[in-house]
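Chemist: This is the structure, below, for whatever I ask next.
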Amino acid sequence: MEFHKVGWDFSYAYLLSVNGNTGSFSGSKMELREFIRSNPKPNFTILDETYGYNRTNYSGYITVDDSFCECNIEIYHEGDMVFVEE
């Protein structure tokens, strides 16, 4: 996927600890640009995609620093969203 005219000030990644389906958890929220810098080739398995007006959300699971986490990524974009085939 390519996103054009990303609104970096409104795009975030959320990493949540995995401790089952319910109960308390811990996690972190970071700016998407910092998340991409920290994880240039993430092992991210997308389980759900949501598309709305200028916003795309992905949720799934990711491995970061040998730790398995639930991950949500929200991307605000004012331009096109392009499917890229390699």
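The values are calculated or read from the model by the stated rules, or taken from the named source; none is laboratory data. Here the structure is a predicted model, which means the values were calculated and not measured. Note: ideal-geometry Cβ built from the backbone for every residue, glycine included; neighbour counts use all protein chains shown. With ligands, DNA and RNA removed, areas are computed over all heavy atoms of the protein, side chains included. Shrake-Rupley method; radii C 1.70, N 1.55, O 1.52, S 1.80 Å.
Chemist: Using the heavy atoms of the protein chains and a 1.4 angstrom probe, tell me the accessible area per residue for the chain in square angstrom.
Modeler: About 73 Å² of surface per residue is accessible.
Chemist: What is the chain's relative contact order, in percent, from Cα pairs under 8 angstrom and six or more apart in sequence?
Modeler: 41 percent
Chemist: What does the convex hull of the Cα atoms come to per residue for the chain, in Å³?
Modeler: Cα convex hull per residue, to the nearest whole number: 113 Å³.
Chemist: Along the stretch 29-43, what does the Karplus equation 6.51 cos²θ - 1.76 cosθ + 1.60 (θ = phi - 60°) give for ³J(HN,Hα), rounded to whole Hz, x for Gly and Pro?
Modeler: Computed from phi, the couplings for the stretch 29-43 are 10, 9, 5, 4, 4, 5, 4, 5, 4, 6, 10, x, 10, x, 9 Hz.
Chemist: Return the distance in nm (one decimal) between the two label points of a simple spin-label model at MET1 and SER26, each offset 7 Å from Cα along Cα→Cβ.
Modeler: Between MET1 and SER26, the label points sit 3.0 nm apart.
Chemist: Can you tell me, using C-alpha contacts under 8 Å and at least 6 residues apart, the relative contact order of the stretch 42-86 as a whole percent?
Modeler: RCO, the stretch 42-86: 32 percent.
Chemist: Spin-label point model (7 Å from Cα, Cβ direction): what's the ILE36 to VAL18 distance in nm?
Modeler: Here the answer is 2.6 nm between the modelled labels.
Chemist: Leaving ligands, DNA and RNA out of it, report the carbon-plus-sulfur percent of the accessible area of the chain at a 1.4 Å probe.
Modeler: The value for the chain is 48 percent carbon and sulfur by accessible area.
Chemist: In sequence order, what are the phi-derived ³J(HN,Hα) couplings for the stretch 67-72 according to the Karplus relation 6.51 cos²θ - 1.76 cosθ + 1.60 with θ = phi - 60°, rounded to whole Hz, with x for glycine and proline?
Modeler: 10, 8, 9, 7, 9, 10
Chemist: Sticking with the crude label model, points 7 Å out along Cα→Cβ, report the distance from ASN43 to SER67 in nm, one decimal please.
Modeler: Between ASN43 and SER67, the simple spin-label model gives 1.6 nm.
Chemist: Name the most mobile residue of THR45, THR56, THR22, meaning the one with the largest mean-square fluctuation, in a Gaussian network model of the chain with Cα contacts below 10 Å.
Modeler: THR22
Chemist: Heads up, I need the accessible area for LEU47: 1.4 angstrom probe, whole protein in place, Å², nearest 10.
Modeler: About 120 Å², ignoring ligands and nucleic acids.
Chemist: Next up: Show that you can apply the helix-only estimate: for the chain, add -39,500 (n - 2.57) for every DSSP H stretch of four or more residues, divide by all residues, and state [θ] at 222 nm to the nearest 500.
Modeler: Result for the chain: -2000 deg cm²/dmol, rounded to the nearest 500.
Chemist: Let me ask something additional. Can you pull the Kirkwood radius for the stretch 2-44, inverse mean 1/r over Cα pairs, to one decimal in Å?
Modeler: Details: mean 1/r = 0.0821 Å⁻¹.
This gives a value of 12.2 Å.
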